[in-house]
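The values are calculated or read from the model by the stated rules, or taken from the named source; none is laboratory data. This one's a predicted model, so the numbers in the text were calculated from it and none came from an experiment. Heads up, the Cβs are rebuilt from the backbone with ideal geometry, glycines too, and the neighbour counts pull from every protein chain shown. Heads up: the accessible areas ignore ligands, DNA and RNA and are worked out on the full protein's heavy atoms, side chains in. Shrake-Rupley method; radii C 1.70, N 1.55, O 1.52, S 1.80 Å.
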Amino acid sequence: MESLQLKTCLSPKVHFLITKVGRSRNEAKGARATSITPDGFIIWDEACICLPETSPSDEYDYFMACVQSLSPVFFEAEEILLSNHWQEIWIKHKPHLSWIPEAHHQAVEDSLKYLTSTNESHHILGLQLVCSVLERALGDVFEYVSSLQCPSLLKDILNSGEITQVFGRNVVSIQLLRVVIGPPTSLNLRNIVWHGFPNVGEIPKRYGCFLYLTLPSFGKLLEERGQHVQVHRQLMQFKLDPNFTSHALGKLDMRNKLPLVKELVEMTQDLHGRQHLIQCSLDLMADKQYSYATILLLPQLEHILRLVFTKENGCSERLLTAEYTTLYTTFDEIFDKHLPNGERNKLPERLGENLMESTDLLFDLLVYPEGPRVRDKVSHGEADLLQDFPESLAEVVLVAMVILILKCSKITDIGKNGFLQELADFELQYHSVYHPLSIIKQKIEQVVNIAATFPAVMKYDEEMTLRDRRQPLEVYREDSGAYAEVQGVTKFIVLLVCQDWCCHHTVEEINKSLFQVFSDGRSLVQALMKEKLSTLYRFQANQKKTDGDGGGCGEAEIVGLLYRILMELHTVQQQVVGTLSTKQEQLERKKLRSRQRRNLVLLIRSCPFFHHCAHMVVLICTWKLYSLSTHPGSKVIRFLKLLLQFVENLRTFTRPEKNKWTESINLYCEFIPKIKDTLIALNGTLASMKS
């Protein structure tokens, strides 16, 4: 791919406002008193004395006048921070940061260190940290004062009456803050840095220094007004699915291959133009500062994606920061199926299915609700950045970055480089962990895994004697008739499923593996789900609804029902196995009264039916998962709602305080013919549609 980088990704007006306006310490009109104390606290009234009156429409010209007027303040902030050792400044400021979550104090201290560093890449990182901490802290103030949920956008927090109430009637401090991180017509530094638009040296250091000083200055202002934020929203910690990290990293061992990554970044400088920022991130990772390495790397990942997106779709103008009349090109648009003009997004074709398809690494990392959504969490200050930030998460972000660079570079002799070949192989093998379809598959496996534990958990037989584990478990003789009837219906259901779904397994194989008494169905279920499901753009929020064909919102509703069914079934199994273990332990300790012993007998007798039921529901869910668009959506949805109601009733019956084992089995014996009747009706509908 040819070089796509530009000298700047800041649009002309944005570039002019940030780099040209207010570039002189004495540019503001009139003599100015000192606006910042020697200890680094902003004197708000002095700072805003020349601030123009608020513009009702937040016009660009208004903020240009603001930046020009405030230039002495910004330069003062830079002079104070750079003329003192950062540790001396920190000692003076730390006591005034109680309005900020304590877990973020280290990030504030580090932002000060980075903003006063001679490394220009550190300036970008320091600015990112300050913006995230400030947004989170202001949101805490909003919620503490109003008891309302905090707005999701920083600009809405700054415009809120609640913030006005806290900081006073004139809110000159908030108005000044809006000049720096307010709407798109302002300097808008928070969005610009977090979306990866600036390169090193493009954002004057004075703005980051000023934003840092707002943190202790706001704290002091709140103290003077008697406002103390006593409760902070809890910060989230990243708890990754082990399947995700093991699958996403495999044998790559990225931390020990950082020198090779640096070589690749240097070789492809003409592509991305962000060598210094990426190299700085790699240095942080080598120093085991995984959260900061990730924070600095994420905007560069977005920048490179934007480069490729604009190139492939012929919209080079979208590479720049948007002017105030349009929106930035961010992940939302880059990952969308269509462009704003309705044309198809060509990025997936360029990157290939495994890197871009919505079952893959980028969506798992950044988009899916069940995934880490790492960019959202760190950029809005929602994550605890320093408490057990996973090394594996930083490595996965790096893997995504490196594969993206490799995919879009001119490198052709990948096979001659062992490291590059490993990356290429990884790309071909990766499949999603957090897509809704992938989560359904995981839930199915969880249910089957619990079902496989029944033989080990059942220590006693129906006679209340320790069973001989060498002997196979069987259905109690008084229940054999009912079980035989269930088995007869089951064979017919399996036949109907196999006729409808080409699952590459015979009726006999499925019956033997799933529906023999306490059979271990794990191997068969894994084989049934071996085929990769297509997830490209499936269930996107803006996907058009399609009625009657099972697609679009119909498919999403089916998947939602499958998830709820499996969650309920999982709870049923946990309750049955948990109660069985507890009661058998009480039996061993002779703690069961006669009535409780009879109830335990009923539970043991019901276990073959619970096991059979689990495998039946799993088979139905697996079949439906792999045939989402086969049947008319409305009929399947009605059936799945009935199935959901059935497992919900089972969950109620099997609760520890209920112990309705006989009722549970009767419920299953009555419901299983309904499954058969539904499948017959569905197959008949499908046959008539085909004819």
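Rounded, prolate or oblate: which fits segment 545-676, taking a ≥ b ≥ c as square roots of the Cα gyration tensor eigenvalues, rounded meaning a/c under 1.5, else prolate when a/b beats b/c?
It is prolate, given that a/c is not under 1.5 and a/b is the larger ratio.
Could you rank ASP479, ASP413, ASP332, ASP140 by how accessible they are, 1.4 Å probe, largest area first?
ASP332, ASP413, ASP479, ASP140
Which whole-number value in Å³ per residue fits the convex hull of the alpha carbons of the chain?
Spread over its residues, the Cα hull of the chain gives 201 Å³ apiece.
When all protein chains stay in place, what accessible area (Å², nearest 10, 1.4 Å probe) is found for ARG651?
Estimated to the nearest 10 Å², ARG651 gives 70 Å².
Expressed as a rounded percentage, what relative contact order does segment 209-313 have, with Cα pairs under 8 Å and six or more residues apart?
16 percent
Show the residues, 5+ positions off or on another chain, whose built amide H is closer than 5 Å to the amide H of ILE36.
The answer is ILE43.
Work through the residues other than PHE331 whose Cβ is under 10 Å from its Cβ and net out their charges, Lys, Arg +1 and Asp, Glu -1.
Charge balance in the 10 Å sphere: -3.
Divide by every residue of the chain the summed helix terms, -39500 (n - 2.57) for each DSSP H run of at least 4, and state the resulting mean residue ellipticity at 222 nm, rounded to the nearest 500 deg cm²/dmol.
Dividing the helical sum by the residues of the chain leaves -19000 deg cm²/dmol.
I'd like to check one number: the per residue accessible area of segment 39-142, probe 1.4 Å, reported in Å² as a whole number.
37 Å²
In whole percent, how big is the carbon plus sulfur part of the accessible area of segment 219-336, probe 1.4 Å, protein atoms only?
C and S atoms contribute 47 percent here.
Could you tally the net charge around HIS93, taking each other residue with its Cβ under 12 Å from the Cβ of HIS93, Lys/Arg +1 and Asp/Glu -1?
Result for the neighbourhood of HIS93: 0.
Tabulate in residue order the Karplus-calculated ³J(HN,Hα) for segment 225-236, using 6.51 cos²θ - 1.76 cosθ + 1.60 with θ = phi - 60°, rounded to whole Hz; enter x for Gly and Pro.
Running phi through 6.51 cos²θ - 1.76 cosθ + 1.60 with θ = phi - 60° gives 8, x, 9, 10, 7, 8, 10, 10, 5, 5, 7, 8 Hz.
If you take every residue apart from VAL231 with its C-beta less than 10 Å away from the C-beta of VAL231, what net charge results, scoring Lys and Arg +1 and Asp and Glu -1?
-1
Determine the alpha carbon to alpha carbon distance for each of LYS410/LYS530; LYS288/LYS311; LYS443/LYS674 and list only those over 28 Å.
Violating the 28 Å limit, Cα to Cα: LYS410/LYS530; LYS288/LYS311.
Please give me, ordered by residue number, the trypsin sites (Lys or Arg not before Pro) of segment 218-322 that lie in loop per DSSP and have at most 11 other Cβ atoms within 10 Å.
ARG225, LYS239, LYS251, LYS288
Give the accessible area for LYS583 in Å² (nearest 10); use a 1.4 Å probe, count only protein heavy atoms, and leave out ligands, DNA and RNA.
So the heavy atoms of LYS583 present about 40 Å² to solvent.
Once the whole set of protein chains is in place, how much accessible area is left on THR465, using a 1.4 Å probe, in Å² to the nearest 10?
Approximately 70 Å² of THR465 is accessible to the 1.4 Å probe.
Let me have the relative contact order for segment 147-240, percent, based on Cα pairs under 8 Å that are six or more residues apart.
Relative contact order of segment 147-240: 20 percent.
Just tell me, in residue order, which DSSP H segments of the chain are both 20 angstrom or longer along the helix axis (alpha-carbon based) and at least 1.0 in mean Kyte-Doolittle hydropathy.
Long hydrophobic helices here: 391-408.
At a Förster distance of 30 Å, what's the computed FRET efficiency of ASP283 paired with ASP425, Cβ-Cβ distance as r, to 0.05?
0.65
Write out the GluC sites (Glu not before Pro) in segment 490-537 meeting two conditions: DSSP loop, and at most 12 other Cβ atoms within 10 Å of their Cβ.
GLU531
Which residues' amide hydrogens lie under 5 Å from the amide hydrogen of CYS315, considering only partners 5 or more residues apart or on another chain, with H built in the peptide plane?
Result for CYS315 returns nothing.
For segment 184-339, what class follows from the C-alpha gyration tensor (a ≥ b ≥ c being the square roots of its eigenvalues): rounded when a/c is under 1.5, otherwise prolate if a/b is larger than b/c, else oblate?
Here segment 184-339 falls in the oblate category.
Suppose R0 equals 56 Å; then what is the FRET efficiency for ASN449 and GLU46 from their Cβ-Cβ distance, rounded to the nearest 0.05?
0.25
Just need the relative contact order of segment 72-162 here, percent rounded to a whole number, with Cα pairs under 8 Å and 6+ apart.
Here the relative contact order equals 20 percent.
Using a 1.4 angstrom probe on the protein heavy atoms only, line up THR662, THR19, THR294, THR118 by accessible area, largest first.
From most exposed to least exposed: THR118, THR662, THR19, THR294.
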